[in-house]
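**Student:** One structure follows; several queries about it will come next.
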Amino acid sequence: RGPIQCYNCQNYGHTQSHCNAPARCVKCAENHRSHECNKDRTTPPKCCNCYKSHTANYTGCETRPSRRSPRTTSYSTPKLAHRLVSLIKELQELLKNEEVLRLLRGIIGETSQSQ
């Protein structure tokens, strides 16, 4: 996936639900919403980010940020310990359910038979 791009102003890094900028058209770079655009197919598009002749959502635009790196969640030791305790409590609750136990026994049985 590429960087987040606002459908309202066509800038990167936020979405239209968090945008206070004036609307800019993805097709012609004018100050209106894209669905209100009257540009015909014979008129070349215009990017409102670089002003070249392509739409503002063109993946080859020089102003488009490089691909986002995936978020990595780093936990401190206390957070990891808290998460582990929460998972153990949740597992203990699940093991009280007879249907869950039956499913687990089936999975364990299938695994031991295939070895």
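**Student:** In the chain, if the dipole is taken from +1 on Lys/Arg beta carbons and -1 on Asp/Glu beta carbons about the Cα centre, which of 81, 109, 92 is farthest to the positive end?
**Tutor:** My answer, from the dipole projection, is 81.
**Student:** What is the count of Lys pairs in the chain whose alpha carbons sit under 20 Å apart, if the two are 8 or more places apart or on different chains? Kindly include the intermediate steps, with their values, before the conclusion.
**Tutor:** Values: 27/39; 27/46; 27/52; 39/52; 79/89.
Lysine pairs meeting the criterion: 5.
**Student:** Considering amide H positions built from the backbone, and no H for Pro or chain starts, which residues 5 or more places from residue 5, or on another chain, come under 5 Å of its amide H?
**Tutor:** It is 13, by chain and number.
**Student:** For the chain, set up a Gaussian network in which alpha carbons nearer than 10 Å are linked by springs, and say which option among 83, 64, 102 fluctuates the most.
**Tutor:** Result: 102 has the largest fluctuation of those listed.
**Student:** Here's a follow-up. What's the longest piece of the chain with no exposed chymotrypsin sites (Phe, Trp or Tyr not before Pro), counting a site as exposed if DSSP puts it in a loop and it has at most 12 other beta carbons within 10 Å? Write out the running numbers ahead of the final one.
**Tutor:** Details: sites that count: 51, 75.
No qualifying site falls inside 1-50, the longest such stretch.
**Student:** Using the Cα atoms as the points, what is the convex hull volume per residue of region 1-63 in Å³? Don't jump to the answer; show the numbers that get you there.
**Tutor:** On the way: hull volume 5.5 nm³, N = 63.
Cα convex hull per residue, to the nearest whole number: 88 Å³.
**Student:** Now for a separate question. Where the centre of each part is set by its Cα atoms, how far does region 36-68 sit from region 88-107, in angstrom?
**Tutor:** 53
**Student:** I'd like the orientation of helix 77-94 relative to the chain: the angle between its Cα long axis and the longest Cα principal axis, in ° from 0 to 90, rounded to 10.
**Tutor:** 60
**Student:** Ok, one more. If I take all pairs of Cα atoms in the chain, what percentage of them are more than 18 Å from each other?
**Tutor:** Numbers: 4495 of 6555 pairs.
Across the chain, Cα pairs with separations above 18 Å total 69 percent.
**Student:** Nearest 20 debye, what's the magnitude of the dipole of the chain about its Cα centre given +1 on Lys and Arg Cβ and -1 on Asp and Glu Cβ?
**Tutor:** Computed about the Cα centre, the dipole is about 420 debye.
Where a number appears in this text, it was derived from the coordinates with a stated rule and is not lab data. Note that the coordinates shown come from a computational prediction; the quantities given were computed from them, not determined experimentally. Cβ sites come from the backbone with ideal geometry, for glycine too, and all protein chains shown count toward neighbours.
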